[in-house]
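Peer 1: This is the structure I want to talk about, given as structure tokens.
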Amino acid sequence: MNLLPTVYGLSFLAVAIAFAFAVYLHLWVKRQRTENKRIMEVSQLIHEGANTFMRKEYRILALFAGVAAVIIFLLLPSPIWNGNIVENLSMALAYICGTVLSAVAGKIGILVATSANSRAAEAASRSLKEAFLVGFRGGSVMGLAVVGFSLLGVMGVLMITGDATILLGFSFGASSLALFAKAGGGIFTKTADVAADLTGKVELGIPEDDPRNPAVIADNVGDNVGDVAGMGADLFDSNVAAMASALVMAQALDAGVAGANTAMVFCYAALGLIASIIGIAFAKVGKDGNPTGALNFSTYSTTAIFLVLTAIATALIDGFEWRIWGASAVGLIVGVVIGITTDYFTDDTRPIVRRVANASRSGSAFTVLSGVSYGFISCMPAMVGIAVSALVAYQLCAPMGSDYALFGIAMAAVGMLSIVGMIISNDAYGPIVDNARGLAEMGGLGEETIRIADELDSAGNTVKAVTKGFSIGAAGLTVISLLGAYLSEVNETLAGLGRELLTGFDIMNPLVFFGVLIGAAIPAVFSAMLMLGVDKNAQRMVREIRRQFRRIPGLREGREGVKPDYDTCIDIATEGALKELIPAGGMTILATVIVGFIGGPEAIGGFLLGNIVSGLLLALFMSNAGGLWDNSKKYIEAGHCGGKGSKAHKAAVTGDTVGDPFKDTAGPSINTQITVVSLVASLMSSLFVAFSLFG
């Protein structure tokens, strides 16, 4: 029995409900009151700045995508002169669709976030519960749009082409746009954040979002282009890559015929979207008024709903295997465990953040030393979790056949990302309430409103760290399955040439070891290029801020009617981000191609292995250490360890400025980089077999 028509129907229904609910939430947010003219004015400046940056960024990315599409059309999956024009054209069109849908999802997120921030700020003057709901529902529009578009895109490509391999092109489109969007947005947001903090808090002793600071609007714009559009593209990419790798294997297991395994992937993805819709609909702050608890409870309840729905589907539908359900359940449960351990290291109600805050009493060096140390320690539980989930999923499905073992790992990644609608909702909530905090201060809404906004913002920082753990963990599982997909693509080419097939990658083989060492170095170089971009841009912006405070009479004193030149700071962040985003991303793709043409398929196997291990470690370390420093600063600002303006506070601000590019620029970009090089390797595997120097 062909289950696909039924599952396609279920998936389309889930997407339709998600889009309808997203429209309802957007309209609900728009109906909330906005009366403060100053807040409305600043919110409009943020909206215009975000749109200006994204317009310029998408123009550059469109040129890159156009060139990449032509190269794909000429060379992939095999050179066009071999006569397979339709397959090459399908791959190129799928690539373009992946970039377009990823860009559209990011644009929707910006549209909603920049209208929700002012409403959340004014809601905070009324109650914490109301402000939480505005921030969360605004973020949920992004979550539902990203998952809806990813499921719709994957379905559309498979229904039209019938070939899961073409999905790798779609996934590469999503990944390449996500890589550049996350890198560009991350450089922008941290350029402004670091410059604003160092000049405002440390040098002048003025509040974080003081309207006298020329970088304050750029800082708020950055929250949107980095943490909304960038992270949305990142998780769109992760979700598509997980589904694509699982569907490539599923179609092979179904022997090219639409069967139970392919149907199972779509069914679980659709049920995950439905579970997220239910979780979003019932999310609210409880009687204790704890926003972190509310966000975490929504995640856990969505997890439970997904497990129940998929268990019912597995029991009722012929051909669905309990072992595969077990693999996806393991992936999801490990994702939650990674989230819990991340929360332990980054939540300011936990001991680790408070230890770093106390260390700040002794100076900046101790802030940095303690944060780095705990950041490295925090990697261990997540790395063990990823390893355990891969091993358990493999062993669960191995009795069904060796090919099913790798499919089990792919389904663990699908399981971990099954509730990605809820994960993105939590993540997009963060920058909305962060903006709301700034708007509350600039709009003069009073200390109590700022305190409520700070509490919401602190919850956003904690949950953002948890969502990054989810996305990094899922990327780890996804690229392990993509490594399996790469091996099968290589063997298909080798079999066609009558050459010996690869059974794995032996690290004692000098070609494999050559690849391992270079692959392990790439995430470090990639991270350094992004953070150097932040460093150079932030220095330019610091000089501009100092110039304005020197040259504009009455600005430092806050004289009425005197305003800083916000636009110049926005231009500095925009130009710097756009200048730096292509070299870092291009380097990773170029390195993959060079290693492939030098060492062949075995060197690329080692390259991917080294890239995965070092990339996951660095991504987890930087995301967790950055979140830890940020919340240590907020803990001190809440009145502990000397409070605002104290020696501990200035040291914590220094730690936060180190952590900002860690957690919002380099860290979350690495998992996208891992996915991109894995997809490049799979797409170019036949070329590496045919044209390598030593392979």
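The values are calculated or read from the model by the stated rules, or taken from the named source; none is laboratory data. Computed from a prediction, not measured in an experiment: that's the story for all the values here. Here the Cβ is made from the backbone with ideal geometry for all residues, glycine too, and neighbour counts use every protein chain on show. In case anyone asks, the SASA skips ligands and DNA or RNA and just uses the protein heavy atoms, side chains included. Shrake-Rupley method; radii C 1.70, N 1.55, O 1.52, S 1.80 Å.
Peer 1: Could you check V202 against (1) at pLDDT 85 or above; (2) over 10 Å from A573 (Cα atoms) and say which number it fails?
Peer 2: All conditions are met except number (1).
Peer 1: If you don't mind, there's one more thing I want to ask. If you go through the stretch 370-417, how many residues are over 27 Å from the mean Cα position of the chain (by Cα) and either of a type in the set (G, A, S) or open to solvent by 10 Å² or more (accessible area, probe 1.4 Å) (or both)? Before you say what the answer is, go through the steps one by one.
Peer 2: So the first thing to find is which residues in the stretch 370-417 are over 27 Å from the mean Cα position of the chain (by Cα), and the list is 395-405.
Pick out the ones that are also either of a type in the set (G, A, S) or open to solvent by 10 Å² or more (accessible area, probe 1.4 Å) (or both) and you get 395-396, 398-405.
Total satisfying the criteria: 10.
Peer 1: Follow-up. For the stretch 451-465, check the following and say yes or no: at least one residue is among the hydrophobic types (A, V, I, L, M, F, W, C), touching a Leu at 6+ places or on another chain (Cβ under 9 Å), open to solvent by 10 Å² or more (accessible area, probe 1.4 Å) and modelled with pLDDT of 85 or more.
Peer 2: yes
Peer 1: Identify all residues within the stretch 112-147 that are surrounded by fewer than 24 Cβ atoms within 10 Å (Cβ to Cβ) and assigned to a helix (DSSP H, G or I); write none if there are none. Even if it seems obvious, please write down each step before you answer.
Peer 2: Let us first name the residues in the stretch 112-147 that are surrounded by fewer than 24 Cβ atoms within 10 Å (Cβ to Cβ), namely 115, 125-130, 133.
Result: S115, L128, K129, E130, L133.
Let's see how each residue does on (1) open to solvent by 40 Å² or more (accessible area, probe 1.4 Å); (2) among the hydroxyl-bearing types (S, T, Y); (3) in contact (Cβ under 8 Å) with a residue 12 or more places away in the chain:
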{"residue": "S11", "(1), (2), (3)": "no, yes, yes"}
{"residue": "A16", "(1), (2), (3)": "yes, no, no"}
{"residue": "F19", "(1), (2), (3)": "yes, no, yes"}
{"residue": "V23", "(1), (2), (3)": "yes, no, no"}
{"residue": "H26", "(1), (2), (3)": "yes, no, yes"}
{"residue": "K30", "(1), (2), (3)": "yes, no, yes"}
{"residue": "R33", "(1), (2), (3)": "yes, no, yes"}
{"residue": "M40", "(1), (2), (3)": "yes, no, yes"}
{"residue": "I46", "(1), (2), (3)": "no, no, yes"}
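Peer 1: Limited to the stretch 434-450, what total is found for residues that are within 18 Å of the chain's Cα centre (by Cα) and open to solvent by less than 10 Å² (accessible area, probe 1.4 Å)? Steps first, please.
Peer 2: In the first step, residues of the stretch 434-450 are kept if they are within 18 Å of the chain's Cα centre (by Cα); the result is 434.
When the remaining residues are screened for being open to solvent by less than 10 Å² (accessible area, probe 1.4 Å), the result is none.
So the count comes out to 0.
Peer 1: Output the number of residues of the stretch 160-194 satisfying the condition of being under 30 Å from K633 (Cβ atoms) and not in a helix (DSSP H, G or I). Please lay out each step first, then the result.
Peer 2: Pass one, the stretch 160-194, residues under 30 Å from K633 (Cβ atoms): 178-194.
Within this subset, residues satisfying the condition of being not in a helix (DSSP H, G or I) are none.
Going through the stretch 160-194 one residue at a time, the tally reaches 0.
Peer 1: With respect to R550, is the statement that it is open to solvent by 70 Å² or more (accessible area, probe 1.4 Å), of a type in the set (K, R) and touching a residue at least 60 places away in the same chain (Cβ under 8 Å) true?
Peer 2: Details: open to solvent by 70 Å² or more (accessible area, probe 1.4 Å): yes; of a type in the set (K, R): yes; touching a residue at least 60 places away in the same chain (Cβ under 8 Å): no.
The answer is no for R550.
Peer 1: If T503 satisfies all but one of (1) in a helix (DSSP H, G or I); (2) over 26 Å from the mean Cα position of the chain (by Cα); (3) polar (S, T, N, Q), what's the number of the condition it fails?
Peer 2: (1)
Peer 1: Looking at (1) open to solvent by 10 Å² or more (accessible area, probe 1.4 Å); (2) more than 29 Å from F513 (Cβ to Cβ); (3) in contact with a Cys (Cβ under 6 Å, 6 or more places away or on another chain); (4) not hydroxyl-bearing (S, T, Y), find the lone condition where A648 falls short.
Peer 2: Answer for A648: the failing condition is (1).
Peer 1: Next question, about the same structure. With respect to the numbered conditions (1) within 28 Å of A196 (Cβ to Cβ); (2) in a loop (DSSP other than H, G, I, E, B); (3) in contact with a helix residue (DSSP H, G or I) (Cβ under 9 Å, 6 or more places away or on another chain), which one is the sole condition not fulfilled by G561?
Peer 2: (3)
Peer 1: Looking only at the stretch 85-94, decide whether some residue is free of Cβ contacts under 8 Å to residues at least 12 places away in the same chain and under 23 Å from the mean Cα position of the chain (by Cα).
Peer 2: Within the stretch 85-94 (the criterion being free of Cβ contacts under 8 Å to residues at least 12 places away in the same chain and under 23 Å from the mean Cα position of the chain (by Cα)), the answer is no, since none of the residues qualifies.
Peer 1: Among the candidates A453, A474, single out the residue that is on the phi < 0 side of the Ramachandran plot, in contact with a Ser or Thr (Cβ under 7 Å, 6 or more places away or on another chain), of a type in the set (G, A, S) and part of a helix (DSSP H, G or I).
Peer 2: Numbers: A453 fails: in contact with a Ser or Thr (Cβ under 7 Å, 6 or more places away or on another chain).
Going through A453, A474 in turn, the sole match is A474.
Peer 1: State all residues of the stretch 74-99 that are closer than 15 Å to D237 by Cβ and open to solvent by less than 20 Å² (accessible area, probe 1.4 Å); if no residue qualifies, say none.
Peer 2: The answer is A94, Y95, G98, T99.
Peer 1: Between residues in the stretch 508-526 that are touching a residue at least 12 places away in the same chain (Cβ under 8 Å) and residues that are part of a helix (DSSP H, G or I) and open to solvent by 60 Å² or more (accessible area, probe 1.4 Å), which pairs lie under 7 Å by C-beta distance while being six or more apart or on different chains?
Peer 2: V516/L609; G519/L609; A520/V613
Peer 1: Something else now. Could you please let me know if A105 is among the hydrophobic types (A, V, I, L, M, F, W, C), under 30 Å from L683 (Cα atoms) and either under 22 Å from the mean Cα position of the chain (by Cα) or part of a helix (DSSP H, G or I) (or both)?
Peer 2: Details: among the hydrophobic types (A, V, I, L, M, F, W, C): yes; under 30 Å from L683 (Cα atoms): yes; either under 22 Å from the mean Cα position of the chain (by Cα) or part of a helix (DSSP H, G or I) (or both): yes.
Against the criterion (among the hydrophobic types (A, V, I, L, M, F, W, C), under 30 Å from L683 (Cα atoms) and either under 22 Å from the mean Cα position of the chain (by Cα) or part of a helix (DSSP H, G or I) (or both)), A105 qualifies.
Peer 1: A further question on this structure: Output the number of the condition that S102 fails; it satisfies all remaining conditions of (1) without any contact (Cβ under 8 Å) to a residue 60 or more places away in the chain; (2) closer than 22 Å to A229 by Cα; (3) open to solvent by less than 10 Å² (accessible area, probe 1.4 Å).
Peer 2: Looking at each condition in turn, S102 falls short on (1).
Peer 1: Here's another thing I want to ask about it. Residues A538, A528: which one is small (G, A, S), closer than 16 Å to L581 by Cα and open to solvent by 20 Å² or more (accessible area, probe 1.4 Å)?
Peer 2: Numbers: A538 fails: open to solvent by 20 Å² or more (accessible area, probe 1.4 Å).
Selected residue: A528, the only one of A538, A528 that is small (G, A, S), closer than 16 Å to L581 by Cα and open to solvent by 20 Å² or more (accessible area, probe 1.4 Å).
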